[in-house]
Amino acid sequence: MRYILGIDIGGTNLVVGSVAEDGSALHALHSEPTQPERGAESVLERLMHLARQAMVDTVRIDPGAEIVGIGVGAPGPLDTKRGIVLLTPNLGWVNMPLLDKVHDALGLPTTLDNDANCAVLGEWWRGAARGCQHAIGFTIGTGIGGGLIFGGRLYRGASDCAGEFGHVTIDANGRRCNCGNYGCIEAYASGPAIARRAVEAIESGSESRLASYVNGDLGQVSAQTVYDAAHDGDELALEVVRDTAKYLGIGVANMINIFNPEVVVICGGVTLAGDRLFTPLRREVARRAFKPAVSVCRIVPGELIGSAGVYGAARSFLEQRGLVHA
């Protein structure tokens, strides 16, 4: 069977796996922390090690396997035609010739696409948006990205910048974002922003058991800590999750009014908050978006936990190389 190696570069984790050409199988899924503070060369060196290991493991699992190419998903903005990462605020990369570096290291045809595009494309191909023609997706992790599927095709825009939902302004005088703007959704609802809002509330005197989850070290509070505490009934954590739902609801409602999709997929660790997030999020959307648009749209968590970007990077390779029709 022919496989495409899918590579998903995130601000928190690097994930690699081999996807069957028809999407029917995923083998040799490997992941490790990105650790961008160690520098770009360290990230790339460890990424290539993961990729080579995945290729070896794929052949071991399926002795007839043939790896025919590599699809890479990376944070943007990008120049996909030249294969360059123009800027990644959460990784600190500027004008990184990523496609050439991966191709030269692994010796296979390689394509580059936005990591959020890949996650949404993966969910459309094999996950929660399967079978629909019009879908949008939000990817929520270290940052917030997004992707747009129109008529069963990924829409990238005139300069590969479509779907940057994390940098839609929801408060003109709001928090400063890593992109340099103020009031972006990412500054409120990304993983680090969720943790930061909780810690700020505690430091301002709000009562919470959150500190007990991290042995008293508030610097170790993460979005996952907040979700865990919310699950256990901590009032502050519940308030932070509800506020996160409100901020996301504003963004999702805006996108539903503009694009009128059949499905909105929310991908990433934030989905671990479950109904505590999705119930108020759907309520906020219903309050803000046009009823005819809301009535035809499902707002759902992603199904491909930990692998959506890998599936989507592989699918992007197939489409860019003309090996499959969208």
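Read-outs: derived from the displayed coordinates by stated rules, not from any lab. None of these values were measured; they are calculated from a predicted model. Note that each Cβ is placed from the backbone with ideal geometry, even for glycine, and that neighbours are counted across all protein chains shown.
A few notes on this one:
- Sorted largest first, extent of region 1-121 alpha carbons per principal axis (Å): 40, 27, 27
- Kirkwood-type radius of region 131-301, with distances r between different C-alpha atoms, in Å: 16.4
- 3J(HN,Hα) along region 124-140, derived from phi through the Karplus expression 6.51 cos²θ - 1.76 cosθ + 1.60 where θ = phi - 60°, amounts to 6, 6, 10, x, 5, 9, 4, x, 9, 9, 10, 9, 10, x, 10, 10, 10 Hz, with x in place of Gly and Pro.
- Two-decimal log10 I(q)/I(0) for region 59-178, as the Debye equation yields it once each C-alpha is a single scatterer, q = 0.15, 0.19 Å⁻¹: -0.77, -1.10
- Within region 131-301, antiparallel bridges make up roughly 50 percent of the DSSP beta bridges whose residues both belong there.
- Phi angles across region 267-279 convert, under the Karplus curve 6.51 cos²θ - 1.76 cosθ + 1.60 with θ = phi - 60°, into 3J(HN,Hα) values of 10, x, x, 4, 5, 5, 6, x, 5, 4, 8, 6, 5 Hz, Gly and Pro given as x.
- Region 250-270 and region 136-184 have Cα centres spaced 11 Å apart.
- Antiparallel DSSP beta bridges within the chain, as percent of all bridges there, nearest 5: 55
- Taking the inverse of the mean reciprocal distance over all distinct Cα pairs, the Kirkwood hydrodynamic radius of region 259-312 comes to 12.1 Å.
- Dipole-positive endmost among 264, 174, 117 within the chain (Cβ charges, Cα centre): 264
- Segment residue 86-residue 61, extension gain: residue separation times 0.36 nm, minus the distance between their alpha carbons: 5.3 nm
- The chain: calculated mean residue ellipticity at 222 nm from DSSP helix runs of at least 4, using -39500 (n - 2.57): -12500 deg cm²/dmol
- A simple rule links phi to the HN-Hα coupling: the Karplus curve 6.51 cos²θ - 1.76 cosθ + 1.60 with θ = phi - 60°, which for region 308-321 gives 4, x, 5, 4, x, 4, 5, 5, 4, 4, 4, 6, 5, 8 Hz, with x for Gly and Pro.
- Against the compact-protein benchmark of 2.2 N^0.38 Å, the Cα-based radius of gyration of the chain scales to 0.98.
- For residue 267, residues with placed amide H under 5 Å, excluding near neighbours: 138, 139, 140, 302
- Convex hull of region 153-201 built on C-alpha atoms - directionally averaged projected area, nm²: 4.4
- Restricting region 1-97 to trypsin sites (Lys or Arg not before Pro) that sit in a DSSP loop and have at most 15 other Cβ atoms within 10 Å of their own Cβ leaves 81, 82.
- If R0 is taken as 45 Å, the Cβ-Cβ distance between residue 232 and residue 95 corresponds to a FRET efficiency of 0.50.
- Chymotrypsin sites (Phe, Trp or Tyr not before Pro), loop per DSSP, at most 14 other Cβ atoms within 10 Å - longest free stretch of the chain: 1-154
- The equivalent ellipsoid of region 206-326 has semi-axes of 32, 22, 9 Å, largest first, where each one is the square root of 5 times an eigenvalue of the Cα gyration tensor.
- Amide proton proximity set for residue 182, modelled H, under 5 Å, gap of 5+: 177
- Region 282-310-region 23-72 distance, computed between alpha-carbon centres (Å): 31
- In this simple spin-label model, placing a label point 7 Å from the Cα along the Cα-to-Cβ direction at both residue 272 and residue 182 gives a separation of 3.3 nm.
- Put simply, the amide H of residue 298, placed in the peptide plane, has neighbours under 5 Å in 263, 264, leaving out anything fewer than 5 places away on its chain.
- Between residue 32 and residue 224, the contour length at 0.36 nm per residue exceeds the Cα-Cα span by 67.4 nm.
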